[in-house]
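> I am attaching a structure below and will ask some questions about it afterwards.
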Amino acid sequence: MPAKKPIRRSQLISPWGVGQMINFPKDESLMVAGLDLWEEKFRTLSDLEEFIITEERLAKRLGVKEFRLPPDFRDPGPGVTNPSLKIPFVRFPQWHYCTRCGHMENVSIFHSQKPTCSGGSFDSGRSCSNIAPNKRQRLIPVRFIAICPHGHIQDFPFREWVHGSTPAEGNHRLRLRAGRSSGALSGIEITCSCGAHKTMAGAFNEQSLTKIGVTCSGGRPWLGEEAERNNTQHCGQHLIVVQKGASNVYFSQVRSSIYLPQWEKSVDRRIIEVLEKNWNWLTSGLVDGKFDKMRFELVAEQKFNPEKKDYYTEKLLEAANKRITGAESSTTDDSEEKYRKMEYDAILSEAGGENQDFYVTKMQAETYDDSETGWAISRGFTSIGLLHKLRETRAFVGFSRWLPDDEKSLEARKEFIKLGRSINWLPAIVVRGEGVFFEFREKRLKEWAAKKEVIGRANYLSQHYNQPRQQKGQKLRVIKPEFVLIHTFAHLVINQFSYECGYGSSALRERIYCNLEFPNDTMNGVLIYTASGDSEGSLGGLVRQGKPGNLETIVYNAIENARWCSSDPICIDSHGQGPNSCNLAACHNCALLPETCCEESNMLLDRAMLIGTLDNPSTGYFNIVT
């Protein structure tokens, strides 16, 4: 990507993954191309190893061989063996218009330069025909497009809209004139050289395009499949007219994973590093599950002391076999809850070590002060886990349009972002940080969750959350009181950590461990961590704040601050607020966080689950544990 259009790698995972439009300066709109064009960029490299990410547990779950960092721009110079890489884009929307004369033009998705007005003449209004070609204005993309719930996207059918059906034979030049009579849609008029004209009023009405005979053509411009050239993939769904910058045009689907030490437990760090850098070449020699020993001898001779080649060859072979066995034992189930259960157990068992990317020390809650400011930890939690080191891999698996989750299968999502069957990788990024894990007391949690008023509040949220899902044909989701409590507690503690540690709240994230799908897999905890790709994520100090003498005050202040919101009593007595009324006592003044922090899009929050209501304080979990 040229320097004038910079994009961070993390943004190509979310929110600007494959199939998303990005608005660049000077009114230019481009769409991130599919993985096929990414693969062409990678083929130009002499050394691909620096882009490969190793995470066997996540790779096994997603059914891919490896992950790769998105291409990054660099200026080739001395010592740089790889050429500069640019992120592949296509031009979308295709319809562009001149802001001076209104001339509209449909350009190719592969048009490399921003189009210029061709200078058409009109019977009325301004015209660019009398302006020199090199001084004419650049065309800008229109802001109206059409999307399909199945994920397809195409330009708004201006020709059909103006004529009410397919236009007659002949040359039809369109013109867009905006703001002449009104600032509303009725003030945007599309005229045709044949004399037909129509405003955009009513374009956003339900099935407005179906009424003029236009349905989804199955267009996938990010894969080079334009609507006009994609007749064999006609979808036929009703199209939904939206603006190209609308929030429901694109929802990135990301799977994240906390690295867990499996085969590395008893392996020297140097052996692990050499194995990871040469893994693709070493595994390419696998025959019937057995490694080619000669390849290991060559690596051992190049990377270690040649006089100890045999010793290091055996060490590399031993580690490689452990790695293969560990990958085979990883889950292939796409259930998020089962996947997180492995992380939950690893944290509680204090897995990892100082020389690995996962290092946990656990402290029993009784270790913390039981004074007036420390009782919340010693009585409300079983243990506190201090994650001195963690590594998170975030992989892009696909996207949806119109709805955040279109409930496609994992394979269907992956096939939607590429054409080539041979592409057996997904784009991903790796971030490192630290964290604090809170394990709630199971017995006290069950006693609290069995209270009638607590169940009533959770059911109220569940109904509001599942009602729109049912209307849209989505799978219903069980919402338990434990989940709402843990989720709200995470938000309040993140806010308090940002005050105490100096982090911006957007640099902290939550990872909730709660058994909603499988009640037998008990999980009652939350991880607050600093896996951020920028400098804020590596400030340090979060683990220090989680130690006895510091954490008591932080948790106490988080709970006490939740007892009063500047919007009370409106907030605490609320019967539903936020999207679809999926929050109760939670608003921007007390419990909401930046979207990057929250796994649930700032929904399913209720601070009354922690501190109770004005009429019934016993509803709060931290009121019954005193």
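> With charges only on Cβ, +1 for K and R and -1 for D and E, what is the dipole size of the chain about its Cα centre, in debye, rounded to 20?
Roughly 2120 debye for the chain.
> Restricting to DSSP H runs of at least four residues, report the calculated mean residue ellipticity at 222 nm for the chain, -39500 (n - 2.57) per run over all residues, nearest 500 deg cm²/dmol.
Taking each H run of at least 4 residues, the total per residue is -7500 deg cm²/dmol.
> Just going by the charge dipole of region 247-321, with Lys and Arg at +1 and Asp and Glu at -1 on Cβ, which of Ser247, Gly289, Ile272 is farthest out on the positive end?
Of the options given, the answer is Ser247.
> Here's a follow-up. Could you compute the FRET efficiency for Ile455 and His588, with r as their C-beta to C-beta distance and R0 at 25 Å, rounded to 0.05?
0.35
> About the Cα centre of region 391-531, what is the dipole size in debye to 20, counting +1 per Lys and Arg Cβ and -1 per Asp and Glu Cβ, all else neutral?
Charge dipole, region 391-531, about its Cα centre: 340 debye, nearest 20.
> Could you sort 120-126, 379-385 so that the peptide with the highest average Cβ count within 10 Å comes first and the rest follow in order?
In descending order of packing, they fall as 379-385, 120-126.
> So for each of 248-261, 554-567 I average, over its residues, the number of other beta carbons within 10 Å; can you give me the resulting order with the highest mean first?
Final packing ranking: 248-261, 554-567.
> Moving on. By how many nm would the segment from Ser284 to Thr44 lengthen if fully extended, with 0.36 nm per residue of separation less the alpha-carbon distance?
Contour length minus the Cα-Cα distance gives 84.4 nm.
> While we're here: Mean Kyte-Doolittle of at least 0.5 and a Cα length of 24 Å or more along the axis: which whole DSSP H helices of the chain meet both?
Membrane-span-like by this rule: 481-501.
> Are any of the pairs Lys389/Lys475; Lys389/Lys418; Lys418/Lys475; Lys198/Lys408; Lys198/Lys475; Lys293/Lys408 more than 32 Å apart by Cα-Cα distance, and if so, which?
Lys389/Lys475; Lys389/Lys418; Lys198/Lys408; Lys198/Lys475; Lys293/Lys408
> Roughly how big is region 313-431's charge dipole about its Cα centre, with Cβ charges of +1 (Lys, Arg) and -1 (Asp, Glu), in debye to the nearest 20?
660 debye
> Can you order the peptides 411-423, 148-160 by their average number of other Cβ atoms within 10 Å per residue, highest first?
Going by the mean number of other Cβ atoms within 10 Å, highest first, we get 148-160, 411-423.
> Gain in length, Glu318 to Ser118, computed as 0.36 nm per residue apart minus the alpha-carbon separation, to one decimal in nm?
Contour length minus the Cα-Cα distance gives 65.2 nm.
> If you take every DSSP beta bridge whose two residues both sit in the chain, what share of them, in percent to the nearest 5, is antiparallel?
Of the beta bridges lying entirely in the chain, close to 95 percent run antiparallel.
> If you don't mind, another one. Work from the charge dipole of region 95-243 (Cβ charges, +1 for Lys and Arg, -1 for Asp and Glu, about the Cα centre) and give the residue of Gln154, Ala196, Gly213 farthest towards its positive end.
Result: Ala196.
> Next question. Mind checking which of Phe518, Thr596, Ile554 is farthest towards the positive end of the chain's charge dipole, using Cβ charges of +1 (Lys, Arg) and -1 (Asp, Glu) about the Cα centre?
Of the options given, the answer is Thr596.
> Return the aspartates and glutamates within reach of Lys446: Cα separation strictly under 12 angstrom, same-chain partners fewer than 8 residues apart disregarded; answer none if there are no such residues.
The reachable aspartates and glutamates, counting only those whose Cα sits under 12 Å from Lys446, are Glu482.
> Shifting gears a bit: Using a Förster distance of 22 angstrom, determine the FRET efficiency expected from the C-beta separation of Asp268 and Glu350, and round it to 0.05.
0.60
All of the numbers you see were taken from the coordinates with simple rules; none came from a lab. All values reported here derive from a predicted model rather than from experimental measurement. Ideal geometry is used to build each Cβ from the backbone, glycine not excepted, and the neighbour counts take in all protein chains shown.
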